Amino acid sequence: MAEVALDLSRCQGHGRCSLLAPSVFGADDSGLAVLLVRKVPTELESITEEAAYSCPEAAISVMREGDPE
Ligand code: SF4
């Protein structure tokens with residue numbers, strides 16, 4: 001289980017996150033990211049981290065359970 005945070009003040013609507021992890025990220029009418037789930041199950045952790053890594057605005061952070069706060 002991992003927890004995802006989305007900083008909408010950084011999001012520019014590139015849509016990479018929703019393309020890579022459509023079960024975690026959606027998009028609103030203007031293309032900005034929408035977080036569909038905040039707690040990501042283990043099987044979606046890798047793709048969620050990939051989406052975070054791919055976000056050009058560094059708007060996504062992922063904290064795995066057990067990570068230091
Ligand atoms: S990849 Fe980043 S900037 Fe693009 S829509 Fe997703 S959160 Fe926003």
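Each label was represented as a point 7 Å from its Cα along the Cα-to-Cβ direction; for ASP67 and GLU50 these points are 1.8 nm apart.
Taking the charge dipole of the chain about its Cα centre, with +1 at Lys and Arg Cβ atoms and -1 at Asp and Glu Cβ atoms, the residue from LEU32, SER9, PRO56 reaching farthest to the positive side is LEU32. Note on the chain: Cα-only Rg and Dmax are 11.0, 35 Å. For the chain, the fraction of 1.4 Å probe accessible surface lying on carbon and sulfur atoms is 51 percent. Axis angle, to the nearest 10 degrees, between helix 45-54 and the longest C-alpha principal axis of the chain: 40 degrees.
Checking every one of the trypsin sites (Lys or Arg not before Pro) in the chain against DSSP loop status and a limit of 16 other Cβ atoms within 10 Å picks out ARG10, ARG38.
For the range 36-69, the residues whose backbone nitrogen is under 17 Å from a point 7 Å from the Cα of LEU19, taken along Cα to Cβ, are 47-60.
Extension gain for ASP29 to ALA58 (0.36 nm times residue separation, less C-alpha to C-alpha distance): 8.3 nm.
The values are calculated or read from the model by the stated rules, or taken from the named source; none is laboratory data. It should be emphasised that the depicted structure is a prediction, and the values quoted were computed from it without experimental measurement. Please note: Cβ atoms are built from the backbone with ideal geometry, for glycine as well, and neighbour counts cover all protein chains shown. Surface areas here come from the heavy atoms of the whole protein model, side chains and all, with no ligands, DNA or RNA. Shrake-Rupley method; radii C 1.70, N 1.55, O 1.52, S 1.80 Å.
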